[in-house]
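Asks: Mind looking over this structure? Questions follow.
The values are calculated or read from the model by the stated rules, or taken from the named source; none is laboratory data. As the structure is a prediction and not an experimental result, all values here were calculated from the model. Here the Cβ positions follow ideal geometry from the backbone for every residue, glycine too, while neighbour counts run over all protein chains shown.
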Amino acid sequence: MRRAVCPGSFDPVTNGHVDVINRAAGLYDELVVAVLVNPGKAGLFSVDERMELLRDAAAHLPNVRVDSFQGLLVDYCRSHDIPVIVKGLRAVSDFEYELQMAQMNRELAAIETLFVPTAPQVGHLSSSLVKQIAGFGGDVSRLVPKAVDDRLRERAREARS
């Protein structure tokens, strides 16, 4: 069975993430979308919420499973028998950082990395920008899955209350 992991913080998941997940799911028998648990960083959404939103966004993909991890990704890969990491690239600046990570992961655990360039229509998206726009009341409905947009609007209403 060909297995891969697509890791990230996904806070929140964007249509850029969904693009990479859709395309990677077509290449592997099983794709694990793994949410990084970073106890030192408070996110907009809890890890459980992010996992729920990812499950909703990938519900149409029967070979995608959502999980979480903390610590080194290579340790997660080894313990789950996953030989490939899939990373989306938006720009050259992403490549420079991700190449270094890929080389280190290969050195540490012989884990390969597959780089997937994002589709041009979503290459500008980042979770940080989406949160910033939504925080100022901007419309992000074209940038994120519907469930994420709904949850962001709910958070905005709570903040105004």
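Asks: I need the full set of residues from the range 11-23 which are in a loop (DSSP other than H, G, I, E, B) and of a type outside the set (Ser, Thr, Tyr), in order please.
Replies: Passing the criteria: 11, 12, 13.
Asks: Could you tell me whether the range 127-136 includes any residue that is under 16 Å from the mean Cα position of the chain (by Cα), hydroxyl-bearing (Ser, Thr, Tyr) and exposed (fewer than 15 other Cβ atoms within 10 Å of the Cβ)?
Replies: Initial filter on the range 127-136 (under 16 Å from the mean Cα position of the chain (by Cα)): 127-131.
Now restrict to residues that are hydroxyl-bearing (Ser, Thr, Tyr): 127-128.
Of the ones still in play, those that are also exposed (fewer than 15 other Cβ atoms within 10 Å of the Cβ) are 128.
The answer is yes; a qualifying residue exists.
Asks: Out of all the residues in the range 33-53, which are farther than 15 Å from residue 4 by Cβ and either crowded, with 22+ Cβ neighbours inside 10 Å or touching an Asp or Glu at 6+ places or on another chain (Cβ under 7 Å) (or both)?
Replies: Matches in the range 33-53: 35, 43, 44, 45, 50, 53.
Asks: Could you check, for the range 24-32, whether at least one of its residues is in contact with a Phe, Trp or Tyr (Cβ under 6 Å, 6 or more places away or on another chain) and either surrounded by 20 or more Cβ atoms within 10 Å (Cβ to Cβ) or in a loop (DSSP other than H, G, I, E, B) (or both)? Spell out how you get there, then give the answer.
Replies: Taking the range 24-32 and keeping what is in contact with a Phe, Trp or Tyr (Cβ under 6 Å, 6 or more places away or on another chain), we get none.
The answer is no, given that none of the residues of the range 24-32 is in contact with a Phe, Trp or Tyr (Cβ under 6 Å, 6 or more places away or on another chain) and either surrounded by 20 or more Cβ atoms within 10 Å (Cβ to Cβ) or in a loop (DSSP other than H, G, I, E, B) (or both).
Asks: Looking only at helices (runs of 4 or more DSSP H) that lie completely in the range 65-159, which have at least 1 residues being hydrophobic (A, V, I, L, M, F, W, C), touching a Ser or Thr at 6+ places or on another chain (Cβ under 6 Å) and at negative phi?
Replies: Numbers: elements: 73-79, 92-109, 127-135.
Qualifying helices (runs of 4 or more DSSP H): 92-109, 127-135.
Asks: Among the residues of the range 69-109, write down those that are of a type in the set (A, V, I, L, M) and without any contact (Cβ under 8 Å) to a residue 24 or more places away in the chain.
Replies: Once the filter is applied, which keeps residues that are of a type in the set (A, V, I, L, M) and without any contact (Cβ under 8 Å) to a residue 24 or more places away in the chain, the range 69-109 yields 92, 99, 101, 102, 104.
Asks: On to the next question. Given 6, 77, which one is out of contact with any Cys (no Cβ under 7 Å at 6 or more places or on another chain) and within 16 Å of residue 127 (Cα to Cα)?
Replies: Values: 77 fails: within 16 Å of residue 127 (Cα to Cα).
Step by step, each of 6, 77 is checked, and only 6 is out of contact with any Cys (no Cβ under 7 Å at 6 or more places or on another chain) and within 16 Å of residue 127 (Cα to Cα).
Asks: Let me ask something else. Would you be able to tell me the number of residues in the range 1-21 that are more than 21 Å from residue 146 (Cβ to Cβ) and more than 8 Å from the chain's Cα centre (by Cα)?
Replies: 5
Asks: Among the residues of the range 87-108, is there at least one that is hydroxyl-bearing (Ser, Thr, Tyr) and farther than 20 Å from residue 34 by Cα?
Replies: Checking the range 87-108: at least one residue is hydroxyl-bearing (Ser, Thr, Tyr) and farther than 20 Å from residue 34 by Cα.
Asks: Checking the condition surrounded by 21 or more Cβ atoms within 10 Å (Cβ to Cβ) and touching a helix residue (DSSP H, G or I) at 6+ places or on another chain (Cβ under 9 Å), which residue from 74, 64 passes?
Replies: Residue meeting the stated conditions: 64.
Asks: It is to be established whether one or more residues within the range 147-158 are more than 26 Å from residue 49 (Cα to Cα), more than 17 Å from the chain's Cα centre (by Cα) and surrounded by 15 or more Cβ atoms within 10 Å (Cβ to Cβ).
Replies: From the range 147-158, those more than 26 Å from residue 49 (Cα to Cα) are none; that's our starting set.
No, the conditions are met nowhere in the range 147-158.
Asks: Exactly one condition in (1) within 20 Å of residue 12 (Cα to Cα); (2) charged (D, E, K, R); (3) at pLDDT 90 or above; (4) over 16 Å from the mean Cα position of the chain (by Cα) is not met by residue 107; state its number.
Replies: Residue 107 satisfies all of (1) within 20 Å of residue 12 (Cα to Cα); (2) charged (D, E, K, R); (3) at pLDDT 90 or above; (4) over 16 Å from the mean Cα position of the chain (by Cα) except (1).
Asks: Can you confirm whether the range 102-112 contains a residue that is within 18 Å of residue 16 (Cβ to Cβ) and either among the aliphatic types (A, V, I, L, M) or out of contact with any Lys or Arg (no Cβ under 8 Å at 6 or more places or on another chain) (or both)?
Replies: no
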